[in-house]
1. Is it fair to say Leu636 is closer than 14 Å to Ile710 by Cβ and either buried (at least 20 other Cβ atoms within 10 Å of the Cβ) or touching a residue at least 24 places away in the same chain (Cβ under 8 Å) (or both)?
2. Within the stretch 432-530, considering only helices (runs of 4 or more DSSP H) that don't extend past its boundaries, which have at least 3 residues that are of a type in the set (A, V, I, L, M) and surrounded by fewer than 24 Cβ atoms within 10 Å (Cβ to Cβ)?
3. Got a number for residues in the stretch 361-414 being part of a helix (DSSP H, G or I) and within 11 Å of the ligand (Cβ to nearest atom)?
4. What's the number of the condition Asn690 fails, among (1) in contact with an Asp or Glu (Cβ under 9 Å, 6 or more places away or on another chain); (2) crowded, with 21+ Cβ neighbours inside 10 Å; (3) not in a loop (DSSP other than H, G, I, E, B)?
5. Out of the stretch 177-208, which residues are over 17 Å from Leu277 (Cα atoms) and open to solvent by less than 10 Å² (accessible area, probe 1.4 Å)?
6. Which one of these is in contact with a helix residue (DSSP H, G or I) (Cβ under 8 Å, 6 or more places away or on another chain), closer than 21 Å to His446 by Cα and within 16 Å of the ligand (Cβ to nearest atom): Val503, Val530, Val508?
7. State the number of residues belonging to the stretch 325-360 that are open to solvent by 50 Å² or more (accessible area, probe 1.4 Å), touching a helix residue (DSSP H, G or I) at 6+ places or on another chain (Cβ under 8 Å) and outside any helix (DSSP H, G or I).
8. Give the residue that is least open to solvent (accessible area, probe 1.4 Å), with candidates limited to residues of the stretch 265-299 that are of a type outside the set (A, V, I, L, M, F, W, C) and closer than 26 Å to Thr201 by Cβ.
Amino acid sequence: MKIFFSSLLLFFVFSCSVKKYEKENQKLWYKQPADASAIDSPDGWHDDPEWLKALPLGNGSLGVMVFGDVNKERIQLNEESMWSGSHDANDNPEAYQYQDKIRQLLFDGKYKEATALTNKTQVCKGPGSGRGNGAKVPFGCFQTLGDLWIDCGKDDAYGNYYRELDLNDAVVRVQYSKNGVSYKREIFTSYSDQVMVARFTADKPGRISFTCSMTRPERYTTHHEGNQLVMSGALSDGKGGNGLEYMARLEAINKNGEVTCADSVLSVKNADEVILLLSASTNYEMKYPGYRGRDYVNITKKNIEKAGKKKYADLLESHIEDYSRYFDRVHINLGDNGKDTIPTDERVQLFKRTKDDAHLCELVFQYGRYLLISSSRPGTLPANLQGIWANKIQTPWNGDFHTDVNVEMNYWPAEVTNLPEMHLPLFDLIASLVKPGSQTAEIQYHSKGWVVHPITNVWGYTSPGESASWGMHTGAAAWICQHIGEHFRFTNDTAFLKRMYPVLKGAVEFYMNWLVVNPQTGKFVSGPAVSPENTFIAPDGSHCQISMGPTHDQQVIWQLFDDFGMVSKVLGEENKFVDEVQQAKDRLAGSKIGSDGRLMEWAHDFTEAEPGHRHISHLFAVHPGSQINPIQTPRLAEAARKSLEYRLSHGGGHTGWSAAWLISQFARLHQAERAKESVDLVLTKSINPNLFGNCPPFQMDNNFGTTAGIAEMLLQSHVKNAQGLFIIDLLPALPKSWSEGSVEGLKARGNVRVDLSWKDGQLNEVVLKPSCKKPFIVKYGQKQKVTNPRVEETIRLTKADFDDI
Ligand code: FUC
């Protein structure tokens, strides 16, 4: 109990002393360290429990996991472009000649033969992603950079232990006492200075002594350059040679005491205070076809040199300034019930029993925003399956960019939770796929434009996957391009649109060539294609995946064509091609309702082989699309609701990302309690002690999906009325358990900032700050109000304003 009160005391001392402003307490905190002496499992797919207690920091490209251990500290290191592998020619020139044959088999209902022929002739050439184990094949794998070890050399007893990650300033703090001395550590990764900074202090002089070393499971050497420790090496190119080159550089700045650096060890003796600076880089460049060229050695030198000239206080200040200008945009209160007095790992366990902790929901909401700011910055790579954090050589699914829900989910919170800048790396990735994707379109499909399938990497992989059952997701390019329209709808940024128009047009060109007419219906259908990773039972009882016109493809291609029409109009692009695309859109086979009232996943009312399947791709049009919604398409929305309930009643939502997607789905269908139950499902089934999400294994998309889902419960704006005005829907899915609360700084489409507060489950007040004069609709319940804002005007409405309508 004494330890508890003292760490509680420390907790309050800390929170009072450091933070610039006192808004919400948004900390992950613990009473014990993650055990740095635990050995990671060599099995890439096996999670390491102690690593999942460590605390993540990131500046978009440099990611670290701080264990906070006392006698021997481990800081596990990542650099976003640490990828084995290399660009490779995986497109299959044999594919094209079989496509019409496969289509005919499918129109004739011969699904078994068609699936077999697709598997034989349409998949990529070569090993593809190595079935998710691509570390040693050209596809490659996102890998750990290595570990920084800080060894005090003795295993002394310690007390008063406390560690935290403060989301308000993105700093990890560790505190403990040992031999009558109180020690503190502060660690952060600075975007403005491009270094990790770790400060070690004690309340008595000359007490800081430790040795630093850097290691990696393979392919590394360390040496010293003057007083700097350097780790470097080259990864496998997947073709038997050396590929990417990398470097990490460490320097210690001491107050009194002595620092020496020899061979592979940096030693500190009897210092009053020590600041460690670490920089890392690789020779990766997102430039097709070589993807190399960055002067990584000098980058590490320059970053350390520059940071080394700054005072610690200035390093910390510029970091907090840079970080909080994004993070502070949104504040949320879901009816705090004071449970933040319990260490985070304990309250996660408690939540499994009680499912009653509004503050944990607030924390997880903000954590998703924190992780996006930490893993996706202008100029960096986008967040991958693990954000930018991985401690393995073989990361699950290669830590790649899966485009059949996962990378999209990573960016669902970006706009609505007011982090549009964090969305930009995704557009760099999409634009970088145009060249290799045009190759794939030409070689595999003899088509103009560009295409990507369900997986891509940092080497421009755009070919199908190595198995048709998941690899033939031809809707992927259309799905990922939806983000272009979304970014514009939230920002009104026409310069961005101009830049991305050729990218969008290229994808449209591919689908205009890819679509064929279904001889039975006269409608345009996509195929041969899969409904991502799902299997149906064909009339002959065989388990198949390939069909013509799976609902998902029809929906994402509709969205792409609709967005192309909208964007062309905004940019004044009027021409024959634009008209043809709109005609094609109207001729696409649409979503249908099956005999049991559910939305059909395939063009035919097939039985699913796995009724509780994790993917719900045929509900794209409910979320993140907008074509199906309770306002304009109530029948389809009801069918979608039935599909969700059916999935859940058969064990659906069993992966973290799948449960997170359910939050947004139910919110879009105005099913408040079901949406909240899905939040609970994520928090009880798919969360680790450090609040990292689980697929399992560890996977970050559900962190982002949960943040986006909670925002969808409080605010929506994806539907337009008949005059094309966005309908800003207030509290569309507010659960009873969040009866009182507020949220500030969310964004609605049309670039409108929205602050909301509610009491007894009813709207208290909404404050809308539009950034332009465009009128929009504000909806609360069934009541709608048209607004004609003047620029920069603030519009305040209360429940009474809607009661009067
Ligand atoms: C898809 C999902 C899996 C996992 C992987 C990264 O294959 O079906 O659950 O999330 O992506």
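1. On the way: closer than 14 Å to Ile710 by Cβ: no; either buried (at least 20 other Cβ atoms within 10 Å of the Cβ) or touching a residue at least 24 places away in the same chain (Cβ under 8 Å) (or both): yes.
It is false that Leu636 is closer than 14 Å to Ile710 by Cβ and either buried (at least 20 other Cβ atoms within 10 Å of the Cβ) or touching a residue at least 24 places away in the same chain (Cβ under 8 Å) (or both).
2. Details: elements: 434-445, 468-471, 476-491, 494-514.
Filter on the stretch 432-530 gives 494-514.
3. Within the stretch 361-414, the subset part of a helix (DSSP H, G or I) is 361-375, 396-399, 406-410, 412-414.
Next, only the ones that are within 11 Å of the ligand (Cβ to nearest atom) stay: 396-399, 406-407, 409.
So the answer is 7.
4. Condition (3) is where Asn690 drops out.
5. Taking the stretch 177-208 first, the residues over 17 Å from Leu277 (Cα atoms) are 177-183, 202-207.
Correct list: Val181 only.
6. Details: Val503 fails: within 16 Å of the ligand (Cβ to nearest atom); Val508 fails: within 16 Å of the ligand (Cβ to nearest atom).
The conditions single out Val530.
7. Looking only at that region, the number is 5.
8. Going through the stretch 265-299, the residues of a type outside the set (A, V, I, L, M, F, W, C) turn out to be 267, 269-270, 272-273, 279, 281-285, 287-296, 298.
Next, from what is left, pick out any that are closer than 26 Å to Thr201 by Cβ: 267, 269-270, 272-273, 279.
Numbers: Ser267: 24, Lys269: 109, Asn270: 91, Asp272: 41, Glu273: 30, Ser279: 0 Å².
The extreme case among them is Ser279.
The values are calculated or read from the model by the stated rules, or taken from the named source; none is laboratory data. Since this is a predicted model, take the numbers as computed values, not measurements. So basically every Cβ, Gly included, is an ideal-geometry build from the backbone, and we count neighbours across all protein chains shown. Note: areas computed on protein heavy atoms with side chains; ligands, DNA, RNA excluded. Shrake-Rupley method; radii C 1.70, N 1.55, O 1.52, S 1.80 Å.
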